[in-house]
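Here the structure comes first, spelled out in structure tokens, and everything after it is commentary.
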Amino acid sequence: MKESKIWFRYNSKNSYSIAALMPLVEAGIAREPKDGIMLYSFASAQAEEVYREVGSAAVDAIFIAGGPHPSALPEEVLEHFDFVVIGEGEETLPELLQVVREGRDPATVKGIAYQQKDNHNRNHGHNHSHNHDHNHDHNCQGHVMITEKRPPVDLDAYPPFSKILAPLEISRGCPWGCTYCQTPRLFGTCMRHRSIPTIARYARRHRDIRFTSPNSLAYGSDGRTPRLEKVQALLVALAELKKPIYFGTFPSEVRPDFVSPAALEIIVKYCANRSLSLGGQSGSPAVLRSIGRGHGCIEVQEACELALEYGLVPQVDLIFGLPSETEADQRLSLDLVRWIASRGGKVRAHRFTPLPGTPLAAARPAPLAPDVEAFLGRMALEGRLTGSW
Ligand code: SF4
């Protein structure tokens, strides 16, 4: 196994994960399974397709999975894969790869899951791999071992990307426990940040500077109380690069309760944004409470008003079909959609999808009232709403 080539299985949905792991692992990019060690990162929406590919792969490879879906459901994933990296990969993956290549016992690697083989086939190294000409029968071979949890990584110790450019990940982890969201389950509830010099160093490589964060306006803070002096210091440093900066907009967003005149003054002073992406999620106070958002509907409206005052188009994410949602709640969300549209804002509407590892994993989406469905469809056709419709 020592000489085996390592491959990241690339697809359009996992480029950010690969960008973050590329600097740490010497690997090629593969668009199909190859001999060697195959690394996959995927979310639930891609799981079935990935399983089909791995199950029918005619290669001599060890298959390692990571990302949101494998982290939440390692047992399921091990029916198709040899190892699962649970949670953050920066420390775990290089360590696991070394152990696999040297044929050592994976039990020493924190933060992984694997099948403990029965004694008669518990060999390491090459014997650990199998030819994927035929379907796996992992379940018959042993039981799932999950090793000790690994503490969260120090983001600053790792580059955000190397060869593959990705938006700058400035923060990770989230103290809010929104019941539909995988972020706190995957990355923990303690918010961590990259330092300004590190972010600035990597920002030089971008033409436009964009970010990923659970809540950009929480940069430098514990995620609950804004530290705008930190946001300002970050943007001041980046402004020296004289490149357009997009903060609080795609591919990240901000919580509405973090939007304030002071925050928006900083954004409009240093950034090129014409819009602000807000996580609104519902127009119903009862639904917002039940999903643990920690803000009400009024904060969503106030954030929209403020954004407009500062010349930014609010783009509000809303989820329809949350499990506790009644038809009355759906109509409250529709009222919010109409209000946002009437003020010149935009809505990105999503259908609720239960995600593994979250408190709502086993919940069923609430059915949408026919007129609510029809209204959202019409808005989408008119180009006034984007997202799932
Ligand atoms: S939805 Fe946003 S605020 Fe809520 S837990 Fe997820 S990342 Fe945190």
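The values are calculated or read from the model by the stated rules, or taken from the named source; none is laboratory data. Bear in mind that the values here come from a model prediction, so they are computed numbers and not experimental data. Don't worry about glycine lacking a Cβ; one is built from the backbone with ideal geometry, like all the others, and counts go over all protein chains shown. For the accessible areas, the whole protein counts, side chains as well, though only heavy atoms, and no ligand, DNA or RNA atoms are used. Shrake-Rupley method; radii C 1.70, N 1.55, O 1.52, S 1.80 Å.
Where residues in region 172-186 are near the ligand (Cβ under 6 Å from one of its atoms) and not in a loop (DSSP other than H, G, I, E, B), which of them is least open to solvent (accessible area, probe 1.4 Å)? Among them, the one singled out is Pro184. If you go through region 237-262 and pick out every residue that is open to solvent by less than 20 Å² (accessible area, probe 1.4 Å) and more than 16 Å from the ligand (Cβ to nearest atom), you end up with 3. Pairs are defined by a Cβ separation below 8 Å, a sequence spacing of at least 6 or placement on different chains, a first member in region 192-220 that is touching a residue at least 24 places away in the same chain (Cβ under 8 Å) and on the phi > 0 side of the Ramachandran plot, and a second member that is more than 13 Å from the ligand (Cβ to nearest atom) and part of a helix (DSSP H, G or I); the pairs so defined are Gly220/Glu229; Gly220/Lys230; Gly220/Val231; Gly220/Ala233; Gly220/Leu234.
Scoring Ile199 on the criteria (1) hydrophobic (A, V, I, L, M, F, W, C); (2) assigned to a loop (DSSP other than H, G, I, E, B); (3) more than 16 Å from the ligand (Cβ to nearest atom); (4) surrounded by 20 or more Cβ atoms within 10 Å (Cβ to Cβ) leaves a single failure, condition (2).
Restricting the first member to region 291-302 and to residues that are more than 16 Å from the ligand (Cβ to nearest atom), and the second to residues that are β-branched (Val, Ile, Thr) and part of a loop (DSSP other than H, G, I, E, B), the beta-carbon pairs closer than 9 Å and six or more apart or on different chains are Glu302/Val259. Residues of region 291-307 that are over 21 Å from Val372 (Cβ atoms) and open to solvent by 50 Å² or more (accessible area, probe 1.4 Å): Gly294, Ile298, Glu299, Glu302, Glu305. Exactly one residue among Leu336, Leu368 is more than 30 Å from Gly87 (Cβ to Cβ), assigned to a helix (DSSP H, G or I) and out of contact with any Ser or Thr (no Cβ under 7 Å at 6 or more places or on another chain), and that residue is Leu336. Among the criteria (1) more than 16 Å from Ser17 (Cβ to Cβ); (2) touching an Asp or Glu at 6+ places or on another chain (Cβ under 9 Å), the one Arg172 does not fulfil is (1).
Residues of region 202-236 being within 16 Å of the ligand (Cβ to nearest atom) and part of a helix (DSSP H, G or I), which ones? Across region 202-236, the qualifying residues are Ser216, Leu217, Ala218.
Give Pro160, Pro152, Pro167 a once-over and let me know the one that is touching a residue at least 60 places away in the same chain (Cβ under 8 Å) and open to solvent by 30 Å² or more (accessible area, probe 1.4 Å). Quick ask: steps written out before the conclusion?
Working: Pro160 fails: open to solvent by 30 Å² or more (accessible area, probe 1.4 Å); Pro167 fails: open to solvent by 30 Å² or more (accessible area, probe 1.4 Å).
Going through Pro160, Pro152, Pro167 in turn, just one is touching a residue at least 60 places away in the same chain (Cβ under 8 Å) and open to solvent by 30 Å² or more (accessible area, probe 1.4 Å): Pro152.
Candidates Leu288, Leu318, Leu312: the one that is within 16 Å of the ligand (Cβ to nearest atom), closer than 29 Å to Pro244 by Cβ, at pLDDT 95 or above and surrounded by 21 or more Cβ atoms within 10 Å (Cβ to Cβ) is Leu318.
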